[in-house]
Every structure is written in C-alpha cells, then in structure tokens.
Protein chains: 2
Amino acid sequence: MTGPSDPPAVPDLDSGLSREEAIALRESFEDAEQERIRRTVAELLDLLGKAHTMAVLSEFAFAEGPLRFSDLEAELGIAPNTLSTRLRELNEAALLERDAYDEVPPRVEYTPTERAESLFPVFAHLHHWAIEHEL
Amino acid sequence: MTGPSDPPAVPDLDSGLSREEAIALRESFEDAEQERIRRTVAELLDLLGKAHTMAVLSEFAFAEGPLRFSDLEAELGIAPNTLSTRLRELNEAALLERDAYDEVPPRVEYTPTERAESLFPVFAHLHHWAIEHEL
DNA sequence: CCGCATCCTACCGGATACTG
DNA sequence: CAGTATCCGGTAGGATGCGG
C-alpha cells in the first residue's frame, strides 16, 4: 500500500531534452561559450542548492499569481530571516520581481520573472517524478 | 560580449510537462495519494536542497558511466567529508549504487540507478536554461 | 595510494523578540 | 505585514590520519 495505486493515465515521463541531446547541444558551441555555460550551470546549481530555494521556487511554479512574504512563511514553515535572505537572492538573480505597496498594513508581492518561468518545467518534472516514485 | 553570440539552432525550451498539466495530473488523484505526492516532493526538494547534491547528480547526469570518489572530488572541488556524506545520502535514497572493488589501489564506483536516471532530464533542462540565460 | 573518518573551525540556518 | 537583530545549534570546509 505504499506505492501509487490505480494511477490515472500518467503521460510518459519524457521531459523534452534528453541527456544525449543536451550534451550534443553544448558541444556544438565554441569553447568560450561552453565555458560560460559551464559557469552559469555551476552558479545556478549553487543558488538552487541553498536551503529552501527550490521549495520557494516550487511554490511560485504552482501558484497562480504573485505571492507574499507571509504566504511563503506559512506554507513552507521557514524562519523569516532565512526566507528574507532567499527572496533577496532570488530577486538579485532576476528570478523574482519585488513590488512594495505603500499601504497600511504594508504589502509586498513577489512575482516570478520570465527567466524563472522558463525554469518551472523543472519543478513540474520533479512533481511528476514524485508521482511515480517514493523516497 | 557577455551574452550568447551566434547560437546554433537551439531547439525550443519546452521540457515536456507544463505547470498546468502537472497541476491537473496531481488533482486527478485521490486525496491520500495527493498527500503522499506532496510529501515526496517536499522530501525530494529537501534532499536536492542540501549543498552540492544537485551538483553531484548533475555530474552523473552528463557522465557516460560510473564515477569515482576522486573524480567528483576533483571536478566539484568539495571537501571529502561533505562529499562522503552526500554520496551516502544519495545511496540511501536509492539514487546511487555503490560498488567497492577489493583491489590495490582500491576502487569505489558510484552508478546512478534508474530512479536517478528518470530525474536527469531535470539537469538537461537546467543546462538548456543556462544556454539561453545568464546569472 | 584511494576512500573515507576524525577534529576543529567558520559559517549558515532556526527560533524568538522586536521595529517601521 | 514584512521584515531586521540577536543568539544559538548544526552543518560544511580544511587539514590530517589511517585502514584496506
């Protein structure tokens, strides 16, 4: 009773680009460009590797519109200082847009940028993986 | 000179499952199963969120066969104790298989399992993202 | 020799209290 | 409500040692 039971027509877990295609694609670039790609991937993995960064982005990936600080705080159960740091990093990486409204009570909304949206299929894939596997 | 120049025919960055499809798919399950999926995703994000886990998996995603401890240590420039911990976690999560050969010099090989391989398109997508964006 | 385990240090993330 | 200040515990990094 631990595995998925009676799964409703799960489409193939073939998320676009395969490993071979990705390798071939990268090798089609000049050396300098390959090096840039390598560095960008490393930086990206470094950012995503920080605690809760993936979880935060995942929330945006499955949310309809913008999210507020307290939304994320409540949903993820993460300390405010840490959340604050993560949001600032994501904002500086141009993955989240920060909009502050001068009201009472104050309101700050975070919205994923297009750069972030083009990253969201990753979270859809992770979600799909979780449907078919356990941990 | 910072952006990509003369990009050779990059295929569309449309990695299979969209956000809407992922949401619809999840909602097609019963509540109990949805809860299991939610928890699995959370655990997965927690594991991937640990420092260097993504980087380690990424190495396997683009490597041909198995990798050795020293390969990863040299490639990622990460402390041996930390690498040791990450490899053990990934092994316990059944994402890496560990094979020790009793030779001189000793040899230990880590091989991604099928579970891990079904996760690799994620890294191909991240790589693809890095081709089209900066950080 | 390689793959770790150990020891220590530095930094990062968690909890709480407090402020604009 | 949306953070910041402070303190503290845990975790990663670096050097070293050692067993296989």
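The values are calculated or read from the model by the stated rules, or taken from the named source; none is laboratory data. Predicted model only: the values in this text are computed from it and were never measured. Note: ideal-geometry Cβ built from the backbone for every residue, glycine included; neighbour counts use all protein chains shown.
Observations on the structure shown:
- Here A:Ala51 meets the list (1) in a loop (DSSP other than H, G, I, E, B); (2) away from DNA strand C (no atom under 16 Å from the Cβ) almost entirely, failing just condition (2).
- No other residue among A:Leu72, A:Leu44 is facing another protein chain (nearest Cβ under 8 Å), in a helix (DSSP H, G or I) and modelled with pLDDT of 95 or more apart from A:Leu44.
- Qualifying residue in segment B:128-135 (condition: surrounded by fewer than 19 Cβ atoms within 10 Å (Cβ to Cβ), touching a residue at least 12 places away in the same chain (Cβ under 8 Å) and closer than 25 Å to A:Ser18 by Cβ): yes
- Check on A:Glu89, among the acidic types (Asp, Glu), surrounded by 15 or more Cβ atoms within 10 Å (Cβ to Cβ), at pLDDT 95 or above and farther than 27 Å from A:Ile131 by Cβ: yes
- Single condition A:Val104 does not satisfy, out of (1) farther than 20 Å from B:His133 by Cα; (2) touching a residue at least 12 places away in the same chain (Cβ under 8 Å); (3) among the β-branched types (Val, Ile, Thr); (4) not in a helix (DSSP H, G or I): (2)
- In the set A:Glu59, A:Glu92, A:Glu117, only one residue is of a type in the set (Asp, Glu), out of contact with any helix residue (DSSP H, G or I) (no Cβ under 9 Å at 6 or more places or on another chain), more than 11 Å from DNA strand D (Cβ to nearest atom) and within 14 Å of chain B (Cβ to nearest Cβ); that residue is A:Glu92.
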